[in-house]
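> One structure, as structure tokens, below. Some questions next.
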2 protein chains.
Amino acid sequence: MVTHKPTAVCFSGLDPSGGAGLLRDLSTLYDHPLHVMAVLTSETVQSSDECFEIKSPACAPATTFSKLAPILPGTWGAKLGLLAISADELSRLMGELAHLPPRYLIWDPILNPSQGVGLHSNGSLLDMAKQIGSARRSDCDWVISPNWIEFKALTSATDSMEPKDLINASRSIFNLGFSCLWLKGGHGMGESIRDYWITNNDCVAIATHERNPVKPRGTGCFLSSSWLAYRLQGLNGLESARQATDDLQKLWSTSDVLPGGTRPILGLR
Amino acid sequence: MVTHKPTAVCFSGLDPSGGAGLLRDLSTLYDHPLHVMAVLTSETVQSSDECFEIKSPACAPATTFSKLAPILPGTWGAKLGLLAISADELSRLMGELAHLPPRYLIWDPILNPSQGVGLHSNGSLLDMAKQIGSARRSDCDWVISPNWIEFKALTSATDSMEPKDLINASRSIFNLGFSCLWLKGGHGMGESIRDYWITNNDCVAIATHERNPVKPRGTGCFLSSSWLAYRLQGLNGLESARQATDDLQKLWSTSDVLPGGTRPILGLR
């Protein structure tokens, strides 16, 4: 029997501690009826507290993907995470994707690991956004899901912006080619955090939750992978973001600190 | 809250197609109440049918592991898969493991991917067995789980051997330091396949099943990862092998061929 299960391809970095990156993506995606593939876009050395090294993968992502393309079903989606690859290599990868573009794509742009060695400057992250966005075909839904810090790095947004200003600030991102922007960790009133789903003409608050003193690692990977899973199963973009956010809230209480570590990581299911 | 969940560390190669390697290990381990970490021991380029490239990981496994050791709980285990690393690097890795040896370890020795580029000679695989086995501490249970082809590469075994001869043939492996040998795909009567659990003085048939015309990819990774999961949850070695084998039989019927591929891969759950 030939399977035509929707397929999610993770273009992810490997966090050996299992808190974030590819392992978090997989633990999330394996809860859904999908086939999952993975193209490594960075290797790292890290504990659960700190990132010590970030390296480009040994196998070029464009080459790796070129051998997966022939075994992809018609419905497939991509999750892009930590991209420790050169502009040239990203260009080759987007060239391969152009032959068989994912119907759904979500990019969780990461400037730097939250603790440890650096990766991108604002300028190099914006260059990546240009390369990725410009490869979208009009019948495809490609979403960028920055945290507030990456949102400010990529746009002219400032901390105090109201929803209608957020739409204006996001226009430069839509002009690069992305269909929607999912802003995570935006500031709500007082001690709350607000996530927004932003399109060319709308800005919807999809969730408001209390600001926790410590944020467990892995929430960003969980949200973008969950979004892709629901999108591949037929929910629309906003519904997928809402469902992923609900799932995260349920998982939040499972957060644990590993022995010898200090930062909590999100639990599993 | 600090978690003391048993932790499984995969020392695995990455098969991007998701059929085997790290992705198969993770899809198996995430079905159990464990924390999972991963140290990459090779990157590969492959479809579901063929392996085109095998490379050493960008980050040295010994370095990667040295940053995980401080966050491991008292009870942890290791699964070793495709090791595309030099003898020197393996020596450094086993040196790191000697500081905090896994109570349980299972090594699925792989001579070569079943289709595509080569990796080890019989001699280099035996050298690895020496390096790994000699690092075991006497209070640790370290198992090697070869298929028939690797068993013959590592010992003087021949196809026609009876159980008592298999014990004798395995002695050279026990002398290297391994506590048990799990021989997979041994020949039973006629069209059946027999798996054996071999110790210094016993050889138990743990399962007999029909020889399928096509063997789905991923069964070896599934068995060794399942074994580790059950062992970490308190079953003994033989019980863990039996339980893993039962689980595999249930999963066998979920095997699928990916569109554009010809070889079936084991399904998920």
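> Taking the Cα centre of the stretch B:7-265 as the origin and placing charges on Cβ (Lys, Arg +1; Asp, Glu -1), which of B:Val45, B:Pro70, B:Trp148 is farthest toward the positive end of the dipole?
Value computed over the given set: B:Pro70.
> Also, quick follow-up: Using amide H atoms built 1.01 Å from N in the peptide plane, name the residues 5+ places from B:Arg217, or on other chains, whose amide H lies under 5 Å from its own.
Under 5 Å from the amide H of B:Arg217 lie the amide H atoms of B:Ile265, B:Leu266, each far enough along the sequence or on another chain.
> If all Cα-Cα distances of the stretch A:139-253 are sorted into 5 Å bins from 0 onward, what percent lands in each bin, rounded to whole numbers?
P(r) for the stretch A:139-253, in whole percents per bin: 2, 11, 23, 25, 20, 12, 4, 1, 0.
> Counting Lys and Arg as +1 and Asp and Glu as -1, what is the net charge of the other residues whose Cβ lies under 9 Å from the Cβ of B:Thr64? Could you put the intermediate results ahead of the total?
Working: positive: B:Lys67; negative: A:Glu43, A:Glu53.
Taking every Cβ under 9 Å from that of B:Thr64, the sum is -1.
> Ok, one more. Take every DSSP beta bridge with both residues inside the stretch B:7-265 and express the antiparallel ones as a percent of the total, to the nearest 5.
Numbers: 19 of 45 bridges.
Approximately 40 percent, going by the DSSP bridge assignments.
> Suppose you put the label 7 Å out from Cα in the Cβ direction; list, shortest first and in nm with one decimal, how far A:Ser138 is from each other copy's label.
With the label placed 7 Å along Cα→Cβ, A:Ser138 yields 7.6 nm.
> Output the pairs from B:Lys79/B:Lys130; A:Lys55/A:Lys184; A:Lys164/A:Lys215 with a Cα-Cα distance over 25 Å in this structure; if there are none, say none.
Details: B:Lys79/B:Lys130 17 Å; A:Lys55/A:Lys184 27 Å; A:Lys164/A:Lys215 27 Å.
Over 25 Å Cα-Cα: A:Lys55/A:Lys184; A:Lys164/A:Lys215.
> Which residue fluctuates most in the GNM of chain A (Cα springs below 10 Å): A:Phe52, A:Phe174, A:Phe222?
Of A:Phe52, A:Phe174, A:Phe222, the Gaussian network model singles out A:Phe52 as fluctuating most.
> Right, another one. To the nearest 0.05, what FRET efficiency results for B:Leu238 and B:Ala69 with a Förster distance of 25 Å applied to their C-beta separation? It would help to have the intermediate numbers written out before the result.
Details: r = 29 Å, r/R0 = 1.18.
Efficiency for this residue pair is about 0.25.
> Right, something else. Between the stretch A:24-44 and the stretch A:227-265, what is the C-alpha centre distance in whole Å?
The distance from the Cα centre of the stretch A:24-44 to that of the stretch A:227-265 comes to 14 Å.
> Moving on. Test of understanding: ordering B:Thr158, B:Thr219, B:Thr262, A:Thr28 by Cβ neighbours within 10 Å, fewest first, what list do you get?
Working: B:Thr158 9, B:Thr219 21, B:Thr262 14, A:Thr28 31.
Going from least to most buried by this count: B:Thr158, B:Thr262, B:Thr219, A:Thr28.
> Hey, another quick one. Defining the label point at 7 Å along Cα→Cβ, can you sort the distances from A:Thr208 to the same site in each other copy, shortest first, in nm?
With the label placed 7 Å along Cα→Cβ, A:Thr208 yields 6.9 nm.
> Give the long-range amide H neighbours of A:Ser255: residues separated by 5 or more places, or on another chain, with amide H under 5 Å away, using H modelled in the peptide plane at 1.01 Å from N.
A:Gly267
> Here is a further query. Quick check: Cα centre of the stretch B:148-178 to Cα centre of the stretch A:73-100, how many Å?
46 Å
> Measuring label to label, 7 Å along Cα→Cβ, what does A:Gln233 give against each other copy in nm, shortest first?
Here the equivalent label points are 2.3 nm apart from this one.
> Take the alpha carbon atoms of chain A, find their radius of gyration, then divide it by 2.2 N^0.38 Å using N residues; give the quotient. Walk me through the numbers on the way to the answer.
Details: Rg = 17.4 Å, N = 269, 2.2 N^0.38 = 18.4 Å.
For chain A, the normalised Cα radius of gyration is 0.94.
> Which whole-number percentage describes the relative contact order of the stretch B:126-261, with Cα contacts under 8 Å and a sequence gap of 6 or more? Please report the intermediate quantities before stating the final value.
Values: 166 pairs, mean separation 23.8, N = 136.
Value for the stretch B:126-261: 17 percent.
> Show that you can apply the helix-only estimate: for chain A, add -39,500 (n - 2.57) for every DSSP H stretch of four or more residues, divide by all residues, and state [θ] at 222 nm to the nearest 500.
Values: 8 runs with 93 residues, N = 269.
Estimated from H runs of four or more residues: -10500 deg cm²/dmol.
> Taking the Cβ-Cβ separation of A:Asn200 and B:Thr254 as r and a Förster radius of 60 Å, what is the calculated FRET efficiency to the nearest 0.05? Write down the numbers at each step before the final one.
Working: r = 43 Å, r/R0 = 0.71.
According to the calculation, E is roughly 0.90.
> Now for a different question. Using a 10 Å cut-off around each Cβ, can you sort B:Thr155, A:Thr41, A:Thr254 from fewest to most neighbouring Cβ atoms? Let's see the in-between values first.
Details: B:Thr155 21, A:Thr41 25, A:Thr254 15.
Arranged by neighbour count, lowest to highest, B:Thr155, A:Thr41, A:Thr254 become A:Thr254, B:Thr155, A:Thr41.
> While we're on this one: Normalised by the number of residues in the stretch B:7-265, what is the relative contact order in percent for Cα pairs under 8 Å and 6+ residues apart? Before the final figure, lay out the partial values.
Numbers: 502 pairs, mean separation 46.3, N = 259.
Rounded, it is 18 percent for the stretch B:7-265.
> Next up: Between B:Pro259, B:Asn236, B:Leu176, whose Cα lies farthest towards the positive end of the dipole of the stretch B:128-269 when Lys and Arg beta carbons carry +1 and Asp and Glu beta carbons carry -1, centred on the Cα centre?
Of the candidates, B:Pro259 comes out farthest on the positive side.
> Further question: If the label point is 7 Å along Cα→Cβ of A:Ser134, which residues in the stretch A:75-108 have backbone nitrogen under 19 Å from it?
Of the residues in the stretch A:75-108, A:85-102, A:107 have backbone N under 19 Å from the label point off A:Ser134.
> Quick check on the protein assembly as shown: of the DSSP beta bridges with both residues there, what percent are antiparallel, nearest 5%? Each step should come with its number before you reach the end.
Values: 38 of 92 bridges.
In the protein assembly as shown, approximately 40 percent of DSSP beta bridges are antiparallel ones.
> Hey, got the Cα dimensions of the protein assembly as shown along the principal axes, in Å, largest first?
Sorted largest first, the three principal extents are 78, 46, 37 Å.
> Amide H of A:Ile110: which non-local residues (sequence gap of 5 or more, or other chain) have their own amide H closer than 5 Å, using H built in the peptide plane?
Long-range HN contacts for A:Ile110: A:Leu83.
> Right, next: Would you mind computing the Rg to Rh ratio of the stretch A:1-98 from its alpha-carbon coordinates, Kirkwood style for Rh? Walk me through the numbers before you get to the answer.
Working: Rg = 14.0 Å, Rh = 14.1 Å.
With Rh from the inverse mean 1/r over Cα pairs, Rg/Rh is 0.99.
> Which trypsin sites (Lys or Arg not before Pro) in the stretch B:82-171 sit in a loop by DSSP (not H, G, I, E or B) and have at most 15 other Cβ atoms within 10 Å of their own Cβ?
B:Arg137
> Moving on. Using the Karplus equation 6.51 cos²θ - 1.76 cosθ + 1.60 (θ = phi - 60°), what ³J(HN,Hα) coupling, rounded to whole Hz, does each residue of the stretch A:111-122 give in order, writing x for Gly and Pro?
Coupling constants for the stretch A:111-122: 5, 8, x, 5, 9, x, 4, x, 9, 10, 8, 3 Hz.
Each value in this text was obtained by applying a stated rule to the coordinates, not by laboratory testing. These numbers come from a predicted model, not from an experiment. Glycine also receives a Cβ, built like all others from the backbone with ideal geometry; neighbour counts cover every protein chain displayed.
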